[in-house]
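Enquirer: Quick one: structure below, then a few questions.
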Amino acid sequence: MWLTFARLLPVVVLDARGAPLPAPLSFWQTVAAFELRMSITRHQTRSAPDSPASAGAPKVHVVTFGCQMNKYDSELVEGRFRRRGYATTESMDDADVLLFNTCSVRDHAEERTWSWVGELKRAKERRPDLVIGIMGCMAQRVEEEVFKRAGHVDLVAGTRQFQNLPHMVDQVRERRAAQGATQATSRLVATETSDDVHVDRTDVPFEGGSHAYLAVMRGCDLSCTYCIVPTTRGRVRSRNLEDLLREVRWMVAGGVRVITLLGQTVNSYGEDFDPPTGDESRGTGRQGRPSLADLLRHLQEVEGLARIRLITLHPSYVTRAFAEAIRDCDKVERFLPLPAQAGSDAILRGMKRGYNLDLYRRRADILREIVPDIELGSDWIVGFPGEEEADFQGTLDFLEEQQFLVNYVFKYDPRPGTHADERLANSVSDAIKKERNQRLLAAAERVQRGRCERVVGQDVPAWLERVSERDPGLLLGRTLSGMPVSCPGPTDWVNSQRIVRLDTATPFGVAGFDVPAPA
Ligand code: SF4
């Protein structure tokens, strides 16, 4: 769920359409907003650089809601359209094809999509040639229902269909051209989830900047009772290790220095492969399957790649081999989002998370024993069906015990189509959810501050990623342990590692100044 949830501190103020408002942010809010930007803001297509080839080309614009996986998928969709001769445009008014890559994890995320799509009704009346499509998790969940609520939409593409989108757009146009065609007869829906997603895009240059996402797997084979992902994203499909390495080398050749490996349970990478037989090489996964540990060791060897991040992990798939790979690979950040969700065995059973607190502790202990500087982050759901005050107290205690560096806190929000919505009474009142939410946020802030204060006075390697929008003399980045960090410096330090002596801590990050690296 890390992939889809927002950071606990609401420092990015969104307008009614979800756009960040230009509220004055403090220095520390700027640091926190830097982290947030990847998780809760909507993303929109940027225009491709003008080129003679793109002059007069049809234009596509993608609006992306939700998680990093969606952002990655949108980049792939844009690539598919570029290959078909389209140009990307940042103006919705210029677009011939408008796509919404949607999120279903919370009601709020879907409502934002409906609101955006609803506003396009008049645009479609003015420009009947426009093709409007809905893709992603909401498309997968509601399928044809989209047309009932927004009759001006032309196509619906599920989570494993986006590679077909340019072809679907062609089909919509062909249908429109048929005699007697109407909006209703031109529509198209494709929501099959058995299709593998073909993502090879290495025949065109990478243009995504210095940070890139890489989906190493798709789908989820678990069945947490509150979660819609197994329905919307289908069963796990890991990608072939050689394909991933080829894609990473291509990204690095295009300027990428940091990659984030994505998966709903990214450390279960490879579990769905067949075990090797005969002379086939053996990995460190179950029965010799390739595992995330093997992938990390290969990525460590990719010249030019500086940092590797991981989102999101599941405690059940933490192994010693995985921890040893982190220890041995200095490009892998020592921060793992390892959601606990609750600090009560009864609630974890109700959630069908597949572990109890004891198992979580044992897996966290393996990580800390082998990688002493590891930091963990967690998602939390408060007010899950049946949660009593004693269960919630367990959550507060577990947060304190495990000392999570980053915490994402959510009030339980039943999602249609989930086991919890259909079978479990939403028994905790909104008032109690709200109150527990506040208490957990306060506790998280205390713990986070403590984690950050612990490193004040230390010299730490920090990867500097961008110039602060508020203060051009300030650079923002992350320590190797995943803490947001700020440091004054010239812009040519962006995309480099510096040693930063930390002198300030807040609950949301650290600050310091550059010191010469030891000879
Ligand atoms: S592990 Fe559970 S919460 Fe995460 S995506 Fe799978 S079913 Fe959803």
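Enquirer: Counting DSSP beta bridges with both partners in the chain, what percentage is antiparallel, nearest 5?
Expert: Percent antiparallel among DSSP bridges in the chain is about 40.
Enquirer: Next up: Which entries of K352/K411; K71/K411; K71/K352; K148/K411; K59/K121; K71/K124 have Cα-Cα distances beyond 22 Å here?
Expert: In this structure, K71/K411; K71/K352; K148/K411; K71/K124 lie more than 22 Å apart at Cα.
Enquirer: So if I place +1 on the C-beta of Lys and Arg and -1 on the C-beta of Asp and Glu, and nothing else carries charge, what would the dipole magnitude of the chain be about its Cα centre? I want it in debye, nearest 20.
Expert: 620
Enquirer: Which value in Å does the Kirkwood hydrodynamic radius of the range 255-346 take, with 1/r averaged over all unlike C-alpha pairs and then inverted?
Expert: After inverting the pairwise mean of 1/r, the radius is 14.1 Å.
Enquirer: Can you show me the helix-derived [θ] at 222 nm for the chain, built from DSSP H runs with n ≥ 4 at -39,500 (n - 2.57) apiece and divided by the number of residues, rounded to the nearest 500.
Expert: Taking each H run of at least 4 residues, the total per residue is -10000 deg cm²/dmol.
Enquirer: So how do 65-74, 449-458, 215-224 stack up, highest first, on mean other-Cβ count within 10 Å?
Expert: The peptides rank, most packed first, as 65-74, 215-224, 449-458.
Enquirer: Less than 12 Å Cβ to Cβ from R363, Lys/Arg counted +1 and Asp/Glu -1: what total charge do the surrounding residues give?
Expert: Once positives and negatives cancel, what remains is +1.
Enquirer: Could you calculate the contour length gain from R122 to R368, that is, 0.36 nm times the residue separation minus the distance between their Cα atoms, to one decimal place in nm?
Expert: Between R122 and R368, full extension yields 82.9 nm more.
Enquirer: Hey, another quick one. Peptides 173-179, 127-133, 153-159, 313-319: what's the order by average Cβ count within 10 Å, highest mean first?
Expert: Ranking, from highest mean packing down: 153-159, 313-319, 127-133, 173-179.
Enquirer: Beyond 14 Å, how much of the Cα-Cα pair distribution for the range 399-461 remains, as a whole percent?
Expert: Taking all Cα-Cα pairs of the range 399-461, the fraction more than 14 Å apart is 67 percent.
Enquirer: Can you give the Rg to Rh ratio for the chain, taking only C-alpha atoms and Rh from Kirkwood?
Expert: With Rh from the inverse mean 1/r over Cα pairs, Rg/Rh is 0.96.
Enquirer: Alpha carbon centre of the range 194-248 versus the range 295-317: separation in Å?
Expert: About 14 Å separates the Cα centre of the range 194-248 from the one of the range 295-317.
Enquirer: Determine Rg/Rh for the range 42-190; Rg is computed over alpha-carbon atoms and Rh is the Kirkwood hydrodynamic estimate from the same atoms.
Expert: 0.94
Enquirer: For the range 198-451, what is the Kirkwood hydrodynamic radius in Å, using each pair of distinct C-alpha atoms?
Expert: 19.4
Enquirer: Taking Cα atoms of the range 459-514, Rg/Rh with Kirkwood Rh, to two decimals?
Expert: Value, to two decimals: 0.91.
Enquirer: Using Cα pairs under 8 angstrom and six or more residues apart, how large is the relative contact order of the chain, in percent?
Expert: Across the chain, relative contact order equals 11 percent.
Enquirer: Next question. Given Cβ point charges of +1 (Lys, Arg) and -1 (Asp, Glu) and nothing else, what value in debye, to the nearest 20, does the dipole of the range 182-265 about its Cα centre take?
Expert: 220
Enquirer: So what's the gap between the Cα centers of the range 326-400 and the range 451-475, to the nearest angstrom?
Expert: 27
Where a number appears in this text, it was derived from the coordinates with a stated rule and is not lab data. On a predicted model such as this, the values are computed, not experimentally measured, just so you know. FYI the Cβ positions are ideal-geometry reconstructions off the backbone, even for glycines, and counts take in every protein chain you see.
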